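Worksheet for the structure shown next.
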Amino acid sequence: MRTDRQAKKQSFSEPTRYQNLFRYVPSGTIFARLKISGKQVRKSLKTPNLELAKSKLAELERIERAVADDRRRGKMLFGEALDEYLQTRKRDATLKPRTKDYDDQQVVALLKTWPGLRELDIRRINKEDCEQWAAKFAEKYCPSAYNHTLAILKHALERAVDRGVRYDNPARKVKRQTERPKKLTLPTQDQFAAFIKEIESGGSGKSLPCADLVRFLAYSGCRKMEAAHVTWADINFDSPTIRVHGDPQQGTKNGESRPIPMLPEMRQLLLRLQSQKTDARPEDPIMAVRECQKAMDRAAGIISMKRITHHDRRHLFATTCIESGVDILTVSRWLGHKDGGALAMKTYGHLRDEHSLAMAQKVFFNKTVALNVSGKNLNSAKLGAAPTSPYPRLMGVTGFRLQFHVWLFPRISTVFPRHPASSEILDGSLFFSVCVKRRVPRRHSGTPTP
């Protein structure tokens, strides 16, 4: 019985014409089986191609021998583990160049806040050391930078565990920080106009192009790198739309191009720039500068406005669209989101103070107060008229009117007609009037029936 079981187990693999390479029969995948320092190593090469597996075998043998040497001498510097992890990140084709640059930036921050870490024997790092560094780092950096740097530290230490130099990862239980969304403080319309004017009067040769970039970002909702790659070939004044492609190599953030509508202010801006650049070619970029953070910081300080970034212009675009009555789903498509508006609702579902106060004037807990206020808004011209019955009388019919207050987007006022006997549009809200009618004898009076 045992012999039959062993024969059945051996039948699942068969040798190839190359030494140390075997094929797993059910799937056809090739795996390596070799002995290093008296220990048998058996690993899948994750390919059915024999020639590709042969090239992978040499790399696998080199790595396993290095692991065995590290295990034998029992020493590994943190810098060696860190460089090995960063090399795997550099070779990852799915990561964008900006992500890899951010890795290098946070590595510098890690080594700066932990002096001597690169030359430290990785076996001498303990949990208390990691916790002390984390507390010190969290005081100087934001939660997102803290979490990214902590992930680099954990992965570097995990390399030592994989090599057999350590039995545990001392940073494994160091907790991440909660990344709360930044509270947005966006400029009002008057502040934005003064902000643009101050940038234009900066006195630099790039002051006017910087002001145009701020306008373009605010009127389009583009990211900074997306705006830098918009060319005149992407402009369609007939539609009118702007096609956003993003970086030529990486594309947009979600990898897809998108059309965005050309708002009236954007159309005026593009027509002015087109008249100033009569010799521009279709492949030329529209914006003369790619960033203007220093100019924005200077202008914000002069007019006593809170500092804003290029990405805050995107927030301003989304907030202005939502406050103007554009639905969340449409705004999310303009921004290039693919989640059906979930992120836009979470990020841009806020209201600026002045808009919030205006919306608060529409909230009532007393129906009588609501009717009185609505009557003042709609019937201000009839205040001097004789008092009449609050119930409509149409062709001898008196009705008891029941009102249902249904909240809809303000733009729905363009769909329903303004008719005194059917519905009333009040400040962007819709009041449906339902008449319960009963017949009564016609009474003749001196005042005509409305």
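For Val244, the residues 5 or more places off, or on other chains, whose built amide H falls under 5 Å of its own are Arg258, Ile260.
Can you bin segment 189-353 into rounded, prolate or oblate? Criterion: square roots of the alpha carbon gyration tensor eigenvalues sorted a ≥ b ≥ c, rounded for a/c under 1.5, prolate for a/b above b/c, oblate for the rest. Here segment 189-353 falls in the oblate category. Going from the fewest other Cβ atoms within 10 Å to the most, the residues Ile122, Ile303, Ile328 appear in the order Ile303, Ile328, Ile122. A simple packing score, the average count of other Cβ atoms within 10 Å per residue, orders the peptides 205-215, 160-170 as 205-215, 160-170, with the highest score first.
Under the shape rule built on the C-alpha gyration tensor, where the axes satisfy a ≥ b ≥ c, segment 199-272 is oblate, since a/c reaches at least 1.5 while a/b does not exceed b/c.
Couplings for segment 271-277, taken from phi via the Karplus curve 6.51 cos²θ - 1.76 cosθ + 1.60 with θ = phi - 60°, read 5, 5, 5, 5, 5, 7, 10 Hz in order; Gly and Pro are left as x.
Of the cross-linked pairs Lys206/Lys277; Lys253/Lys338; Lys197/Lys277; Lys100/Lys346; Lys127/Lys175; Lys127/Lys154, which ones have a Cα-Cα span greater than 19 Å in the structure shown? Pairs exceeding the cut-off: Lys197/Lys277; Lys100/Lys346.
Note on Ser55 and Thr231: the model spin-label points, each 7 Å out from Cα along the C-beta direction, lie 3.5 nm apart.
FRET efficiency for the Ser324 to Arg62 pair, using the beta carbon distance and R₀ = 56 Å, is estimated at 0.35. Note on Leu357 and Gln249: their simple-model spin labels are 5.0 nm apart, each label 7 Å out from Cα toward Cβ.
Summarising the amide proton neighbourhood of Ile36: residues at separation of 5 or more, or on other chains, whose placed amide H is nearer than 5 Å comprise Val41. Shape analysis of segment 148-274 places it in the prolate category; the axes a ≥ b ≥ c from the Cα gyration tensor give an a/c of at least 1.5, with a/b above b/c. If the segment from Glu200 to Arg123 were pulled out straight at 0.36 nm per residue, it would be longer than the present Cα-Cα gap by 21.9 nm.
Here the 3J(HN,Hα) profile of segment 255-260, calculated from phi with Karplus coefficients 6.51, -1.76 and 1.60 at θ = phi - 60°, is x, 10, 7, 8, x, 10 Hz, Gly and Pro shown as x. 3J(HN,Hα) along segment 209-218: x, 5, 5, 5, 5, 4, 4, 4, 5, 6 Hz, from the Karplus curve 6.51 cos²θ - 1.76 cosθ + 1.60 with θ = phi - 60°, whole Hz, x for Gly and Pro.
Each value in this text was obtained by applying a stated rule to the coordinates, not by laboratory testing. These numbers come from a predicted model, not from an experiment. So basically every Cβ, Gly included, is an ideal-geometry build from the backbone, and we count neighbours across all protein chains shown.
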